[in-house]
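Notes follow once the structure below has been shown.
The values are calculated or read from the model by the stated rules, or taken from the named source; none is laboratory data. Here the structure is a predicted model, which means the values were calculated and not measured. Cβ placement follows ideal geometry from the backbone for every residue including glycine, while neighbour counts extend to all protein chains displayed. The protein model used for the area step is the full one, side chains on, heavy atoms only, and it has no ligands, DNA or RNA in it. Shrake-Rupley method; radii C 1.70, N 1.55, O 1.52, S 1.80 Å.
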Amino acid sequence: MENFLKDYLNKIGMNGNYSASKIPCEICSSEENTIIRENVSLGNNEYTKLPVVSCNNCGYIFQNPRFNEKFYDDFYSNKYRDLLFKKKIPSNDFIDDQISRGQILFKFLEKHIVSKGNLLDVGSSVGGMMIPFINNGWQALGTDPDKEYVEFGKKQMNLPVEDVKAEKMKLEDDFFDLIIIMGSLEHVYDPNKTLSICKQAAKDGSLILIEGRGHPQSSSKTYFNQNHHRYFTFNSMELILLKYGWKPILITDEPICGPSRPGGIYCLGLLDKKLTNININNIINSGKREIPSEIIEKFDELDSKHGIA
């Protein structure tokens with residue numbers, strides 16, 4: 001393992017038997033990419049080398065190299081909440097925000113969804129966003145690898161949440177009418193496995209909604225951080241959904257879950273299971289791609305606005 005990766009592990013206090021390697025683009029499988037930024041934020045004005053790249057073929061932005069699966073299992077089980085919130089149980093503000101975001105989202109989606117059906121929330125945390133759906137007659141299931149938060153949602157809030165990572169979900173085929181992945185696809189170990197499972201579990205004609213941190217609210221110095229393994233744009237959101245048969249019907253930066261997460265972007269997709277064996281590279285080659293040099297230029301302009309050379 002390269003020394004900068006060992007240094008990162010030491011900084012966050014994780015010294016297990018981990019490995020790391022370069023990975024191909026998670027959308028188009030290209031192995032050619034360009035470094036966007038070398039360093040990412042650890043929080044508290046600390047930074048570490050952990051390169052973020054843009055795929056030369058489609059423009060997708062992701063961390064590379066990437067640690068092995070065991071590292072991320074251990075990180076999200078033992079370190080993530082400590083680093084983010086310094087506590088093992090959710091605050092009242094966190095719970096209230098989840099419920100409020102769910103209420104605003106439900107109202108926004110009413111014109112797109114059936115009156116009631118089956119909801120899957122991938123990366124649900126305690127499960128608060130599902131409450132407005134449940135109160136309106138929906139059957140719901142939330143999944144999240146954060147055991148403490150899941151146990152809180154299950155025992156203290158009586159919510160249908162399961163402690164399971166996205167890639168290990170066991171779901172009934174052709175069951176869900178709506179799947180939401182709100183800011184969680186950026187964190188999963190394998191987004192392709194996650195979306196493949198979701199597609200199998202979704203009804204034909206069902207909807208999926210994904211959320212990402214698409215509009216930086218700070219300089220690149222803090223926008224890129226250790227917790228996010230990929231960074232979605234409007235283009236890459238649409239590409240990764242198209243890859244699994246979801247036709248984008250809405251792409252927006254309107255705050256459809258309210259104002260508590262500024263800078264979010266959203267893509268709503270409609271599943272067409274007749275779309276099989278999709279060649280995503282044909283779509284990319286038709287012009288649906290971004291250029292690394294242009295992405296670098298945008299982040300340079302962002303940093304200039306924040307007074308960073």
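Of everything in segment 134-158, what is more than 21 Å from the chain's Cα centre (by Cα) and hydrophobic (A, V, I, L, M, F, W, C)? Give them in sequence order. Working first, answer last.
Within segment 134-158, the subset more than 21 Å from the chain's Cα centre (by Cα) is 134-139, 151-152, 154-158.
Listed by number, the residues that qualify are I134, W138, F152, M157.
Of the conditions (1) at pLDDT 95 or above; (2) in a loop (DSSP other than H, G, I, E, B); (3) surrounded by fewer than 17 Cβ atoms within 10 Å (Cβ to Cβ), C257 fails just one. Which one is it?
(3)
Would you check which residues across segment 54-69 are touching a helix residue (DSSP H, G or I) at 6+ places or on another chain (Cβ under 8 Å) and under 23 Å from N279 (Cα atoms) and list them? Give the derivation first.
Start the filter on segment 54-69 by keeping residues that are touching a helix residue (DSSP H, G or I) at 6+ places or on another chain (Cβ under 8 Å), which leaves 54-61, 65, 67.
Within segment 54-69, S54, C55, N56, N57, C58, G59, Y60, I61 qualify.
Would you pick out the residues in segment 188-229 that are over 16 Å from F175 (Cα atoms) and among the charged types (D, E, K, R)?
The answer is D190, K193, E211, R213, K221.
On the given criteria, is L195 more than 28 Å from K79 (Cβ to Cβ) and touching a residue at least 24 places away in the same chain (Cβ under 8 Å)? Please lay out each step first, then the result.
Details: more than 28 Å from K79 (Cβ to Cβ): no; touching a residue at least 24 places away in the same chain (Cβ under 8 Å): yes.
So L195 fails the test.
Residues in segment 276-290 that are touching a residue at least 40 places away in the same chain (Cβ under 8 Å) and either exposed (fewer than 14 other Cβ atoms within 10 Å of the Cβ) or not in a loop (DSSP other than H, G, I, E, B) (or both): how many?
The first filter runs over segment 276-290 and keeps only residues touching a residue at least 40 places away in the same chain (Cβ under 8 Å), leaving 280-281, 283-284, 288-290.
Filter again for either exposed (fewer than 14 other Cβ atoms within 10 Å of the Cβ) or not in a loop (DSSP other than H, G, I, E, B) (or both), leaving 280-281, 283-284.
Qualifying residue count for the region: 4.
List every residue pair whose Cβ atoms sit under 9 Å apart, with the two residues 6 or more apart in sequence or on different chains, where the first one lies in segment 298-309 and is surrounded by 11 or more Cβ atoms within 10 Å (Cβ to Cβ) and the second, anywhere, is of a type in the set (S, T, N, Q) and part of a helix (DSSP H, G or I).
From segment 298-309, the pairs are F299/S220; D300/S220; L302/S220; D303/S220; H306/S220; I308/S220.
Identify the residue in segment 76-103 that is acidic (D, E) and at pLDDT 75 or above and, among all such residues, is surrounded by the most Cβ atoms within 10 Å (Cβ to Cβ).
As a first pass, look at segment 76-103 and keep what is acidic (D, E): 82, 93, 96-97.
Subset that is at pLDDT 75 or above: 93, 96-97.
Values: D93: 9, D96: 13, D97: 18.
Among residues in segment 76-103 that are acidic (D, E) and at pLDDT 75 or above, the one surrounded by the most Cβ atoms within 10 Å (Cβ to Cβ) is D97.
Conditions (1) in contact with a strand residue (DSSP E or B) (Cβ under 6 Å, 6 or more places away or on another chain); (2) open to solvent by 50 Å² or more (accessible area, probe 1.4 Å); (3) within 17 Å of I27 (Cβ to Cβ), marked per residue:
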{"residue": "T233", "(1), (2), (3)": "no, no, yes"}
{"residue": "M237", "(1), (2), (3)": "yes, no, yes"}
{"residue": "I251", "(1), (2), (3)": "yes, yes, yes"}
{"residue": "G263", "(1), (2), (3)": "no, no, no"}
{"residue": "K273", "(1), (2), (3)": "yes, yes, no"}
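Just wondering, is there one or more residues in segment 169-190 that are among the aliphatic types (A, V, I, L, M), surrounded by fewer than 21 Cβ atoms within 10 Å (Cβ to Cβ) and touching a residue at least 12 places away in the same chain (Cβ under 8 Å)?
yes
Return the only residue of S218, S236, S196 being among the hydroxyl-bearing types (S, T, Y) and either assigned to a strand (DSSP E or B) or more than 22 Å from N279 (Cβ to Cβ) (or both). Walk me through it before giving the result.
On the way: S236 fails: either assigned to a strand (DSSP E or B) or more than 22 Å from N279 (Cβ to Cβ) (or both); S196 fails: either assigned to a strand (DSSP E or B) or more than 22 Å from N279 (Cβ to Cβ) (or both).
When all the criteria are applied, what remains is S218.
Given the conditions (1) part of a loop (DSSP other than H, G, I, E, B); (2) open to solvent by 20 Å² or more (accessible area, probe 1.4 Å); (3) over 24 Å from K199 (Cα atoms); (4) touching a residue at least 24 places away in the same chain (Cβ under 8 Å), which single one is not true for S293?
(1)
Which members of segment 21-75 meet the condition of being surrounded by fewer than 17 Cβ atoms within 10 Å (Cβ to Cβ), part of a strand (DSSP E or B) and small (G, A, S)?
Passing the criteria: S21, G43.
Whether any residue in segment 260-275 is in a helix (DSSP H, G or I) and of a type outside the set (A, V, I, L, M) is what I want to check.
Here is the first cut: in segment 260-275, the ones in a helix (DSSP H, G or I) are none.
The answer is no, given that none of the residues of segment 260-275 is in a helix (DSSP H, G or I) and of a type outside the set (A, V, I, L, M).
Only one residue in S206, S196, S236, S219 is small (G, A, S) and in contact with a His (Cβ under 8 Å, 6 or more places away or on another chain). Which one?
It is S219.
From the residues in segment 88-144 that are charged (D, E, K, R) and part of a helix (DSSP H, G or I), which one is nearest to L185 (Cα to Cα)? Give the derivation first.
Residues of segment 88-144 that are charged (D, E, K, R), as a first pass: 88, 93, 96-97, 101, 107, 110-111, 116, 121, 144.
Those left that are additionally part of a helix (DSSP H, G or I): 93, 96-97, 101, 107.
On the way: D93: 23, D96: 22, D97: 20, R101: 18, K107: 23 Å.
For segment 88-144, the residue satisfying everything is R101.
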